[in-house]
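Working notes for the structure below.
The values are calculated or read from the model by the stated rules, or taken from the named source; none is laboratory data. All figures in this text were calculated on a predicted structure; none of them were measured in a lab. Every residue, glycine among them, receives a Cβ derived from its backbone with ideal geometry; neighbour counts consider all protein chains shown. Accessible surface areas use protein heavy atoms only, side chains included; no ligands, DNA or RNA. Shrake-Rupley method; radii C 1.70, N 1.55, O 1.52, S 1.80 Å.
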Amino acid sequence: MARTSKRGKREQPAKEPVWKAGIYARLSVDGNDRKNESIDTQIEIAKGYIGQSGDTELIECYTDLGKTGTNFNREGFERMMADVRRKRINCVVVKDFSRFGRNYIETGNYIEKIFPFMKVRFIAVTDGYDSERTPSGNLKLSMNLKNIVNELYAKDIAQRVRAARKLSQETGNYTGGAPPYGYCVKKIDGRKVLYPDKDTKEIVVRIFEMFGAGGTYKEIAQELYRRRIRRPMAYRGTGEVYCPEDGELQQWPPGTIKKILTNPAYIGTLFQSRTSGKAYGDRRRHDVDEENDISVVEHTHEPLVPEELFRKVSQRFERQSKCSNRIGFSKKIPQSEDIFKDMVYCGGCGRRMIRNMSIIALAGGNRVRRYYYACPNKKKIDGGKCEGQGISFLKLESLIKEILDKEFAFTEMRPKDYCRENIREAGKKKGAVHKKIGESLRKQEELALTGSKLYLRYRNGELSREAFLEEKEKIAERLAALKVGTEDLERQEKMIDRETGRVNRSVGEILKRRAGDKFDRELAERLIKKINVYPKHKVEIVFNYRRNELFW
């Protein structure tokens, strides 16, 4: 009997998708993207590719609208990478390489190193690239060349933007942000031009006149405060030149007054681009090359002050600079280190005091520096004025020594007692941390045991593969979180030991010193955490070696 042929084709079950895809689409910030580069178009092209693949399902679309491709600090991209790390997706689909990124090195790093390591498939549809298909040498070369071209394109766009900005400045166009106080911005014949602000221009003129006549920053600030004129920042925020009687008026800072007095915009000259925005490959603001990138254009707008007055003010600044830096007067007198830097605070308002300096002549003709600490709010004339008193460095050093000597005499401190107490306290803290570490390790063991039982249930057919994998992933996440917590606790344990050693060394330094010993920065940092200064030379010291304060 002839055998029946079994060559007939059997129906094959439909393949389950093995790739979970995320579509990434980006629209650049340069404004030159063609219509076929729109977000919707990119997504449709990627969806069409996924629909024809047969082994890929779409999980989510990630988009970045108005984001540059020169770096990867993009919200949509970071969200996609978070899903990659969570294994929610394992395939990234883009229209082409340029939509993924225009930085050759970073783009290549993701495609050739990061994605393969994370077992993520990468597809660039219109460029014909699929990481699952072993790329030939020609295809790999083509990919690298396209990434280089994309980066060169981004650099070219950046250069064009800078060139256009420079040309705009040279034609007298104002390219800055908020206009200088006394001006507003108007668009005239297609150009942004500074135009006098009728409400504030007279205030600027008055500032120049007062300083030109010999007035100081303080006198100008007092005049503006008396007239209840809001400072520039408050004016921009409220639109009100004068502060109402029931409003909170803040005085003009000296820096704001100086900024006005030194701005050539008030004689009709635009001096722009001291700092540039963001260069290609560096998204931070940075200083520019002054010789090449500063645009100075005269007579671009109506001046507020005469050139003669502006020149008179500039000459006064020049004289002050020469006077304060006379050779042989201040530069040749050495400065001493500020051993109490960032430790001295005003007991009245809580502001950190600043160290001031004066030069005095001794009987023998030598000149020396004398230092004193003062509250920066003392010179204020508004509601923030502080009545706190300053203190000289010599007086502060003397008081600290006196406090230490009397404290030691009254308490009869013994180094061994303090060190022993510190070690005992540290032991209690370490015991509590060690207990938490033990609990974390116990939970990790329990989870590992649960995972083993889960696997046995799967092998015995009690659990489906999907349920097993889902539970296994949950256990892995909990284990990872516990391990991170354990590492933090172990770091805390080591930190307790380091802090105990530091405290004991501080106590040793305190008890070894004598009344005649001289302070230095290292000793001050070991002993003192904070110094609060009150009127009549009252000083409160917070030491590092114990929690309570000493007051004298």
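I'm checking my understanding of the structure. Among residues of segment 108-146 that are under 20 Å from THR56 (Cβ atoms), open to solvent by 70 Å² or more (accessible area, probe 1.4 Å) and basic (Lys, Arg), which one is modelled with the lowest pLDDT? So the residue we want is ARG133.
Restricted to segment 189-211, and to residues that are part of a loop (DSSP other than H, G, I, E, B) and in contact (Cβ under 8 Å) with a residue 24 or more places away in the chain, which residue is surrounded by the fewest Cβ atoms within 10 Å (Cβ to Cβ)? If we take residues in segment 189-211 being part of a loop (DSSP other than H, G, I, E, B) and in contact (Cβ under 8 Å) with a residue 24 or more places away in the chain, then ASP199 is surrounded by the fewest Cβ atoms within 10 Å (Cβ to Cβ). The single condition from (1) open to solvent by less than 20 Å² (accessible area, probe 1.4 Å); (2) at pLDDT 80 or above that VAL503 fails is (2).
Does segment 255-286 hold any residues that are at pLDDT 85 or above and either assigned to a helix (DSSP H, G or I) or not β-branched (Val, Ile, Thr) (or both), and which are they? GLY255, THR256, ILE257, LYS258, LYS259, ILE260, LEU261, ASN263, PRO264, ALA265, TYR266, ILE267, listed by residue number.
Within segment 212-234, if we keep just the residues that are open to solvent by less than 60 Å² (accessible area, probe 1.4 Å) and touching a strand residue (DSSP E or B) at 6+ places or on another chain (Cβ under 8 Å), the residue that is nearest to PRO179 (Cα to Cα) turns out to be ARG230.
GLU412 falls short on exactly one of the conditions (1) at pLDDT below 85; (2) charged (D, E, K, R); (3) surrounded by 12 or more Cβ atoms within 10 Å (Cβ to Cβ), and that condition is (3).
Within segment 422-476, the set of residues being polar (S, T, N, Q) and either under 15 Å from LEU489 (Cα atoms) or touching a residue at least 60 places away in the same chain (Cβ under 8 Å) (or both) comprises ASN422, SER440, GLN444. Within segment 340-366, the residues that satisfy the criterion of being at pLDDT below 85 and more than 22 Å from LYS536 (Cβ to Cβ) are MET357, ILE359, ILE360, ALA361, LEU362, ALA363, GLY364, GLY365, ASN366.
Can you name every residue in segment 67-106 that is in a loop (DSSP other than H, G, I, E, B) and open to solvent by 40 Å² or more (accessible area, probe 1.4 Å)?
Going residue by residue through segment 67-106, those that are in a loop (DSSP other than H, G, I, E, B) are 67-74, 86-90, 95-96, 101-103.
Of everything in segment 67-106, those that are in a loop (DSSP other than H, G, I, E, B) and open to solvent by 40 Å² or more (accessible area, probe 1.4 Å) turn out to be LYS67, ASN73, ARG86, LYS87, ARG88, ASN90.
Looking only at segment 176-188, which residues are open to solvent by less than 40 Å² (accessible area, probe 1.4 Å) and either assigned to a strand (DSSP E or B) or in contact (Cβ under 8 Å) with a residue 60 or more places away in the chain (or both)? Give the steps one after another, and end with the answer.
In the first step, residues of segment 176-188 are kept if they are open to solvent by less than 40 Å² (accessible area, probe 1.4 Å); the result is 176, 179-183.
Correct list: GLY176, PRO180, TYR181, GLY182, TYR183.
When segment 54-66 is filtered for residues that are over 34 Å from the mean Cα position of the chain (by Cα) and in a loop (DSSP other than H, G, I, E, B), the ones remaining, listed by number, are GLY54, ASP55. Taken as a whole, the structure places GLU462 among residues that are more than 29 Å from PHE543 (Cβ to Cβ), more than 32 Å from the chain's Cα centre (by Cα), not in a helix (DSSP H, G or I) and not aliphatic (A, V, I, L, M).
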